[in-house]
Structures are given as C-alpha cells and as structure tokens.
Ligand SMILES: [Zn+2]
Ligand SMILES: [Zn+2]
C-alpha cells in the first residue's frame, strides 16, 4: 500500500519530488530520464520534465494556479481541523503525526479547495495533497470534499476533483471509511442539478479514494503513469504470490481496461477541462490556450487517439 | 445459425421432438438417454424425459396449459398475418414458406399469446413457436409480441415471455430487424408501470430474439440445456476457426457467465414464476404446487444453488 | 484507391483515354476528335453504371475501401472532438468510438462504429465489429448525453457485432439488447446515420434514433448478402442474388419507413468527393436537429417510440 | 466446533468437569460438592471471558468457524428465498449472494456476502471476498428492488474486496465506487446488517443503508488488524494491538454513529445459539423496516443522505 511509507515512519524527504516555493537549488535531477533540469523551467512546465515528460508531483497551489484563470481562485477549504476520535496510538500518536503534516504543508488537511473560473467557466476545484499524511482520507478530508461539492452544487459550478491519496486514514478507523459514502451522497446532489463532475487521478490514487469519488467522475482523466487501484501492489503480490506486470495499475493500463476516459498530460489539463466542461454544460466553446509543449510527450498507449 | 435448417430446405420432421395432439405412437425414444418413454407420461411430465430430465420441445398450447390456472387462458394473438413486403424469393417463395408454416401449426405467426391467471395472479403469457418458421421474428411476430406487452401494460398484468427462435426472419429483411426495437419500446411502457417482465429462454433462443426482448427480462430464466446466444455456432466456428467447447452457449453456461438468473426445470416453471411475480409485485405469496418430479434432475451447474 | 469490380470498365476506359492523350502529345498527332468521342463514351458509361447500380453494387460501394469512415466524417463535420474511452467494466473497444464534439458550435455526444482505413487499423478496430464492451461504452456515452441534455448522434458502419467465442461469453446478445433498451429511454434528440454498412443487430444497437438517416450508397440489412447466400444457396458467391432479395439499399429502406431520409452522395460514392458528401450529411444533421429541438424531453421519447411502433408490414385479420 | 484461542480455558474446565462426572458415576464416589464448586467456577470464568472480551477476541468471534453466515441467516429468518445469479456483464460471483425472499410475508430483496462454511465452500466463495462482478450483481439487484419498490436488506460479512490481479484489472475500485453510488440513489428502505466481518470498502459497497445494524460480536473496520499491524509494527502478529487501536467493535461503532443499533448475541457468540440470535436479528429487521415504512421515496433517499452526511469527527476552526 502506498500509505505504508507514511504510516510506518516519518515520511521520507522526497527531494526530487517536492519543491518549496523558494527553491534552494537551481537544478533538479529527473528520476526517470536522469536529465538535469533547470528548476525554473520545471516549474513553468507544471513540473513535467521538459526532457521526457515525467510527471513530478506538483504542490497543490501550483496545480490550481496552472489550471484556473489568473487571480480568480478563492480558497474555501481550511475551516475544519482533524481530531483524534480513536485516540490512536501505534509507534507514535496520531496527534503527533497530524502536527507534523500541518507543519510540513501549512494546512489542516490533505484537501485544498475553492471556487474559481476556468476559461471563464465557474468551477470549484478540489485538490488532494499527498504531502499531507499521504493524502489519506480522514473525517476532515471527507468534510472538506463534501463541502466543496456542496459549494459547487449551491453556486452552479462544475466540480473538478484532483485526487492523490493512498486511501483511507487508518488512524480514524471506520470513520474514515464512512467518508467514501458521505462524499458520494454529495455528488448525487451535484448530479441532480446536472452539473459536470470531472476527476483527475494523479499519482497515486488508491484504496478508498480510488474506490469512491475518484472513480465516478462523469469523465475520469488519468495523469500519465499515475498509480491507480483499489488494492496496493504489495498486497496484491502477497495475495497472488507473483510479481506484477509492468505498467499494471497505471493510468494507461486502466485506459486500456476501459476505466479511464483519457490520459492527459498535465500541461493540457487546463484546455481539456475547459472544453469538456463547456460541452457538458452545453455552452459555447471557451477560448483557452494550452501551455506550449516543446518536448516529445510520452508515447500514446491508445492506438489511434491523440494524446492531448 | 439455427435458422439455417429452416431456410435451406423444408424443415425436417423432428419425430422425437414434435408431438401432435393425438399421438400416433405410444412410445418415444429419448434422444439423450435413449430410454423408451411412454408418451402419455412424457406429456404429463411437460415433455421432460422422466428418465433423464431431457427437455423435449413442447407445443406452445401445452406449455401454456402447464403454466396457467386451468381454464383461465384467453388467446389474444392471431389478429394479424404476414405479408411478403420484399417479394422475397430464394429457392422458394416466402409466400409458399409461410403457407407451409401455417398449415403445420394452424397459426398465422410464431407467436401464441393471451391473458390468463397464474396462481391467481393476472398475467399475459406470450410463447414463441419454433415450429412456425423456426420461431423467426418477422413483422407479424413483432406486432403480436408488442400487442401482448401492450395488453399487459393496459391491464396491469405481469408479462411472461417464452422465447424459442432462430432470430430475425431474413425474408422480411430490415423490417424484421426493426421488431427488436419496437418490442423493446413496448417493454419500456410496461416497466414504467412497474409491472414485472420475466423471460423464459427455451431451446433455441438466438440471433435478434436473444439480442432484444429475451435478454432484458427483469428476471431471465433458462430452460436446462437450451441453446442461447447472438451468433450461431457454425458462424462462430467459421470465425474463430476452432470447434466450440462442450456446453458453450447453453443455459448453464450463461448462468455461470452471469447472464441468466437461474436455470429452471420446466416442471417448476409454474410455481417459480408465480413466486417471482408475486414478490416483484409486492403481493402475498401465492398458493401453488409444482408437478411432482419423480426422477433425478439434471446435475446442477451452480455450486450451491438448488435447481428448482 | 482500387476500383470495385463493376467499376473496372470505367477505369479501363479512363486508362485508354490517358494513354491516347500521352500518345497524342508525344507523337504530335491530333487525336482530339477520337478523344472527344471517347470522353463522351466514358461519360455515358459512368451514367449507365452509377445511375443503375444494382443492390449488390451498392453493397460494394458501402464497403468500398476509401469510403469515409466514422472518424473521417467526425473530422470533417464536427469540431473539437474529444474522444472518451472505455466501458467502465471490461475494456476499451476500438470498434466503437465516441465522445464529445461540436456541430456548428452545438455540443453533442457522438458514437461511431469505426472500420479501419488500412489493414493495421482494421485489425485494431476489428473491422468495425464490436465486442460487448463496445456496446457498453456506447451505453455509457448515451447516459452522459441524457444526463447533460446533449443531442446524441450515432454513425453506423459495421458488418455486425463480432461473432467470436469471447464476445458470446461476455454476453453479446445481452449487450445489444441493453443498448437498444437504453436508446428507448433517452430523453434527448437522437439522430442515427447509416454511413456505410448497417449490419444487423450490431448496427441497430446504436441506431434507435428519433431520426434514422442513410447515405445514398449505404445499406442496412438483417443479414449480410454473403451469409444469406450461404444459407439459401449454400454458396456465398450468390451474394449478388441475396442482395437483390434482401432489399437493403437506402431507397428500399425509405420505402418501408425504416429510414427517414436518404442523403445524396456524389456519383461513384462518397469516397469520390468526401468533402461534398460531408456537406450534405452535415446539412441533414443540422435540419433534423433543428426540428427535434422543438420537442421537449417527453415528446422526444414518445415520438421515438411511435416511430418504431409503426415499423412492420402485416395484414389485420 | 473448534474453540477459539481465548476460549481454551473454558473448554479445558468443561472437559475436567465431564471427566469428574464420569469418574464419579463409574466409581460411585460422591463428587457433587466438588462438581458444584467447579460449575460455579466455570460460570465465573465464562462471565469473565465473555463479558470482558477484548477487541481482538471480538474479531476472532466475528470470524469464528460456525458463526452463522449470510445464507444461514437467510435460511433462518426469511422464507421463499429465490436466489438470482449474475451481473449481466461478466460472471457469477459466489462471494455475494442475492435474490428475492420474504420476511414475515413481506417481499424483500436480499444481498448477502457469503463466506464458506467449510474449505470447499470457502474456495468456491473466495472466502467471501468479491470480485467486481459480485458488486455488479449486487447493483443489479439494488436496481430491481428500486424498480419494484421492495425493501433491500444487505448482510455484510467479508474480509474485504478481493485484492487480486484480475479483480484490479476488472476495476475493483470502480465497482465499489459504483455500488456505493447506486446505494445513494435508492428510493426504497435499505437496511444493512454487519453480521460478521465488515471489511473496508468491500463491506461499505453494500452497506450504505438507511439503517446500519450490527451483531454484538461483529466488527467493521477500515483495515484488518493484521494488515494494520503489518504496516505499523511490521508484524501481523501484533494484530491484537491493532484491533485495540482501530476501535472496530459494535459498541465502538455505535459511539461514532456509524451503526444505529447493536443486536445482542448469546454468550459466546451467535454460533452458540444460532436460532436465538436469528430471532434477535429478525426482530431488529422488523422494527427498523416498520419505521422506514413511514417514509416516502424522497424521504428515504434524503434521510439516508443525511445519515451519512453527519458521519465524521472534526473540529470547526
Ligand atoms: Zn525526465
Ligand atoms: Zn431421457
């Protein structure tokens, strides 16, 4: 399970994957193609390696910036904070774990959400932050997501949900599990108003998050090479007692298996989402341009589609 | 395709499978277990071999008799007759073929339908007759089935449809194809009134009949060992250039594959249908007894279910 | 583009004329008179051939290599096509494409049966013969159109649903039935266009439209002429006879009310003028869509039901 | 029935008493005083054990061999069960059973997660761990209940959705999500009962009820104690510790509002008195159903949404 790293010990500093707002170093090394990439260029490129197209994790704020019309985003999340209902203690207390996550991210939960406009279209964007406790879904996250969906419903906005999560948050027990149903009920209200709901599955999206709101977007978009699935790969390997094939449970795999509408390079999310939302809302095609992509994109898995 | 036999030449006299009302012979030989079976016993047994459970084809009138409360059936079909819209000629004219089918069955189409009561429950029963042009679906059959469904809708009756058909009737071209949609539209009206629709798939149910009203019963029952499928076995063999596995496309096969709710011995149709309809209509359990089955039934395909 | 069998005389004559022209210009002999005669004869030959196409010749045109496929038509008539993949249950079937697009700015949902344009694509597309997952994908897109109130346009072009072991195992009959049923429930405008080969249940599964249009040289049949011939005469080579008997051309179907409108094609078939033929199709889509826009949700559903309720030829007793 | 680890002292004492009785009657020595003392001690031991069960012991009871399975309960509480098979898409999954039945004459739709009662059945049932087709079958039955306005009763007992390659390939995550979504849409009374092991998403997929009931010794958890222990202490043997931490017992869940009612079991667990424990469950089903019968379709849907809307513990900032 992806959460294992998080639960077992302090999260390792993923030097190549996380970037502070003020970069200490000028260059990063791409873990896929080993190229030295100028950090500024990487940032402009929405943290997609300009050499090989590898999708680094991207801070939630930067993701929202790259998606919405400049200056239109208003944060609405951050009104609730986690408690410790189970008084959960393992090798450490849940309270201490939460403190570290708060300190690391400056936020109260793994959810960052708000209203904004995308190519002029009113949307609510909700992004899960893997940096906060592995993006795991506790009561706070469930509540934040539910409120974001309710906001979209109330204000007639399309809902965009970007997932990155190892799944449920063990330290909140079955309360965490209940968030799967709670968020889904909220989505039902959104659907009843005919508002589009689009999910973007970033690396990783597994467990209870994959098995609830992530999977049931009107349109489900995968980020290239994102790990997606219900069971974690180690659990599966232990169950079937064989190693997993290359590419198993990746975005491209699930596109082929019929579960993802399309795999879309992060640099194209903005115009793709704008076009999809406008079409689903039966509105004129919005004017929106994409980031220019100067480098070869990862090879297309489908046989005939163009990667957008 | 099952229809091949019918289309290519005069239908062979299937001695062991068809029985006239006045039996010329006292004994029949079961094509499965080779036992000599006393015809009277076979008839009482709804033409299920009392030795091995083999399901012989059963005349449509006898089927309806075995299903409904005695004396309650009123025929409503037989108000329309086939024309020859395409002026179809192959080795023979369609008109001549129709004449033979009429003569053979004493009916105007492959559909025999009417209202009646089943353990006191109001139903419409519609049975396809393989003896009439291989049960193929022409405009007449589509119209009869549609009217039967409309009757059920109008009179608040549950709908029971017993299929036995090689599929569409080639000699009516695309008009035949259209009956698949026409009947399905009628079923939509029935569903909107919350009336149950149960299909019983008898041997054979293939082609356009399998691929329309037969498949979309609220509950789909297969007769034991009935051949069911979209494509005919010869066509499949020619396509894949290999011979088909034993039991392929049989009722039991499709139960295992998830497409049939249950395989039910014909001698249990009466109480099974009564119980299902009463439950779906939220009515008290009806009092109804089944034919006593004295002989071993065919082995159950499912692992735990009882064959009813 | 390779010529069809019945087009060979035309192609032969064209070749002769070309040769004569080349000879004339190289030898400096004046061949203009001969050429004029030949050109006239060519014109007559073309007329004779294309204005009196037999049903079997229409079948060949409907299947002609180079005939615009669903994706070709989507590319020419629609803008902003965003293909959506998958059936959310088993797989992605390339024999059926679908997604969101715009027709003169109006957002629509498209479903198209897609044959290959070359051998490689044909294999990937399974020659346009869908498996159950293709129909399930189509159903998912129908649901999307219905949820968001978008018109649905389906482009039909398939020899039929695939008759393979796996397809049967995964319930080909059930999926076709489910897809037809889904279309009986849609409360949106639905226009289906037979653009090439409308092959039996596999075609009907996505062709239960408020309007069913057909290109002039397209065909729509309960069984392929080859299969019909194999059954009746035990010889697939009698397909021409079977095609005659089956009455499967656009004009035949129009007579029976099975299609509502025949969209003209340029002489020799859509592949001879893909742009012009697309324009005709686009016009037809637009004016039908315009008419359907008058109807509310219930009326859309009811009128579709009524349309199909009427189909069939029989006699009251 | 083999005793659970923590029941061994009780079983040992029971054996001694039996031996003593045998000895007494065969030797004609009066042991009545000793026996009375031992019986009293046994009573105390039983009370101490069963009234102060640790969470890990509850987990063991919830999984105890011989504990009534869904089919056992269906057989005892309901009549006229007619099992319906298949998901109409891929297969028949024996890990989830379902169909029509009657509860005191009232027709209902049942969905049950079914573990095996012996090794052979356990293999056939995949130990109660469903594949995607199991959830799809459940969804189909939910649709049936909804269409005909029949109450839906789900019996939850699974270690979890099956974590295998094929299950993932066929979209385990999607099917669980779809099943939850389906349950948010039902306009019928839905009662879910955790009868044994409520294992994570695989349990929740069929447990989105208007009422969620739980048997006294059943558990419901986001993760199995073994997996939790393996993650935290890198040792599945620390499961007892993990079970404590996870607060997964009926009473824990009741505190958090995750379950609405705890149904009492006989001392030592339901398997010690299957008939009596079934009666309790039946009573609970009947009175909950009675209450839900007051609500109309919209209210059923809305109150279910409200029930789940409230779940979660956090602090407003
Ligand atoms: Zn790189
Ligand atoms: Zn026999």
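The values are calculated or read from the model by the stated rules, or taken from the named source; none is laboratory data. Just so it is clear, the structure is predicted and the values come from calculations on it, not from any experiment. Methodologically, a virtual Cβ is constructed for each residue, glycine included, from the backbone with ideal geometry; neighbour enumeration extends over all protein chains shown.
Within the stretch C:123-145, is even one residue assigned by TED's automatic domain parsing to the domain that holds residue C:83, free of Cβ contacts under 8 Å to residues at least 60 places away in the same chain, part of a strand (DSSP E or B) and closer than 12 Å to residue C:206 by Cβ? No: the stretch C:123-145 contains no residue that is assigned by TED's automatic domain parsing to the domain that holds residue C:83, free of Cβ contacts under 8 Å to residues at least 60 places away in the same chain, part of a strand (DSSP E or B) and closer than 12 Å to residue C:206 by Cβ. As an exercise: evaluate residue A:60 against (1) more than 14 Å from ligand 1 (Cβ to nearest atom); (2) more than 30 Å from residue D:253 (Cα to Cα); (3) out of contact with any strand residue (DSSP E or B) (no Cβ under 8 Å at 6 or more places or on another chain) and give the number of the one condition it does not meet. All conditions pass for residue A:60, except number (3).
One residue stands out among those in the stretch C:97-114 that are touching a helix residue (DSSP H, G or I) at 6+ places or on another chain (Cβ under 9 Å) and not in a strand (DSSP E or B): the one that is surrounded by the most Cβ atoms within 10 Å (Cβ to Cβ), which is C:114.
Just a yes or no: is a residue in the stretch C:224-246 in contact (Cβ under 8 Å) with a residue 24 or more places away in the chain, farther than 19 Å from residue C:54 by Cα and surrounded by fewer than 21 Cβ atoms within 10 Å (Cβ to Cβ)? No: the stretch C:224-246 contains no residue that is in contact (Cβ under 8 Å) with a residue 24 or more places away in the chain, farther than 19 Å from residue C:54 by Cα and surrounded by fewer than 21 Cβ atoms within 10 Å (Cβ to Cβ). Residues in the stretch A:206-222 that are at the interface with another protein chain (Cβ under 7 Å from one of its Cβ atoms) and assigned to a strand (DSSP E or B): 1 in all. Among all residues of the stretch B:60-77, there is none that is over 20 Å from the mean Cα position of the chain (by Cα) and either within 14 Å of chain C (Cβ to nearest Cβ) or within 16 Å of ligand 2 (Cβ to nearest atom) (or both). Within the stretch B:54-67, being closer than 21 Å to residue B:161 by Cβ and in contact (Cβ under 8 Å) with a residue 60 or more places away in the chain holds for B:55, B:57, B:58, B:59, B:60, B:63, B:64, B:66, B:67.
Residues in the stretch D:46-67 that are buried (at least 16 other Cβ atoms within 10 Å of the Cβ) and out of contact with any strand residue (DSSP E or B) (no Cβ under 7 Å at 6 or more places or on another chain): D:46, D:49, D:50, D:53, D:56, D:57, D:60, D:61, D:64.
This table checks each residue for (1) within 19 Å of the chain's Cα centre (by Cα); (2) part of a helix (DSSP H, G or I); (3) modelled with pLDDT of 95 or more; (4) within 14 Å of chain D (Cβ to nearest Cβ).
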{"position": "A:1", "(1), (2), (3), (4)": "yes, no, no, yes"}
{"position": "A:4", "(1), (2), (3), (4)": "yes, yes, no, yes"}
{"position": "A:17", "(1), (2), (3), (4)": "yes, no, no, no"}
{"position": "A:50", "(1), (2), (3), (4)": "no, no, no, no"}
{"position": "A:95", "(1), (2), (3), (4)": "no, yes, yes, yes"}
{"position": "A:100", "(1), (2), (3), (4)": "no, yes, yes, no"}
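Checked across the stretch A:23-30, the condition of being under 30 Å from residue A:98 (Cβ atoms), modelled with pLDDT under 50, away from chain D (no Cβ under 14 Å) and away from ligand 1 (no atom under 15 Å from the Cβ) holds for at least one residue. Of the residues contained in the stretch B:261-268, one or more are found to be surrounded by 23 or more Cβ atoms within 10 Å (Cβ to Cβ) and either facing chain C (nearest Cβ under 9 Å) or assigned to a strand (DSSP E or B) (or both).
Touching a residue at least 40 places away in the same chain (Cβ under 8 Å) and either near ligand 1 (Cβ under 10 Å from one of its atoms) or not in a helix (DSSP H, G or I) (or both), is that true of residue A:46? So residue A:46 fits the description; yes.
Of the residues making up the stretch B:20-38, those that are more than 9 Å from ligand 2 (Cβ to nearest atom) and buried (at least 16 other Cβ atoms within 10 Å of the Cβ) number 1. Here residue B:251 clears all of (1) crowded, with 19+ Cβ neighbours inside 10 Å; (2) in contact (Cβ under 8 Å) with a residue 60 or more places away in the chain; (3) more than 11 Å from chain D (Cβ to nearest Cβ) except the condition numbered (2). Considering B:137, B:170, the condition of being under 17 Å from the mean Cα position of the chain (by Cα), crowded, with 24+ Cβ neighbours inside 10 Å and either in contact (Cβ under 8 Å) with a residue 40 or more places away in the chain or more than 8 Å from chain C (Cβ to nearest Cβ) (or both) is satisfied by B:137 alone. Remark: residue D:117 falls outside the filter, which requires a residue to be assigned by TED's automatic domain parsing to the domain that holds residue D:154, within 24 Å of residue D:242 (Cβ to Cβ), assigned to a loop (DSSP other than H, G, I, E, B) and touching a helix residue (DSSP H, G or I) at 6+ places or on another chain (Cβ under 8 Å). Residue count for the stretch C:71-94, restricted to those that are more than 7 Å from every other protein chain (Cβ to nearest Cβ) and either at pLDDT below 95 or part of a loop (DSSP other than H, G, I, E, B) (or both): 2. Kindly check whether there is at least one residue in the stretch A:6-15 that is touching a strand residue (DSSP E or B) at 6+ places or on another chain (Cβ under 9 Å) and either within 16 Å of ligand 1 (Cβ to nearest atom) or at pLDDT 85 or above (or both). So far as the stretch A:6-15 goes, yes, one or more of its residues are touching a strand residue (DSSP E or B) at 6+ places or on another chain (Cβ under 9 Å) and either within 16 Å of ligand 1 (Cβ to nearest atom) or at pLDDT 85 or above (or both).
Comparison of B:225, B:246, B:203 shows that the only residue that is over 20 Å from the mean Cα position of the chain (by Cα), surrounded by fewer than 24 Cβ atoms within 10 Å (Cβ to Cβ), more than 7 Å from every other protein chain (Cβ to nearest Cβ) and over 17 Å from residue D:84 (Cα atoms) is B:246. Flag: residue A:147 matches the condition of being surrounded by fewer than 24 Cβ atoms within 10 Å (Cβ to Cβ), touching a strand residue (DSSP E or B) at 6+ places or on another chain (Cβ under 9 Å) and within 11 Å of chain D (Cβ to nearest Cβ). Return the residues of the stretch B:173-190 that are closer than 26 Å to residue D:143 by Cα and at the interface with another protein chain (Cβ under 7 Å from one of its Cβ atoms); say none if nothing qualifies. B:180, B:181, B:182, B:184, B:185, B:188 - these are the residues of the stretch B:173-190 that are closer than 26 Å to residue D:143 by Cα and at the interface with another protein chain (Cβ under 7 Å from one of its Cβ atoms).
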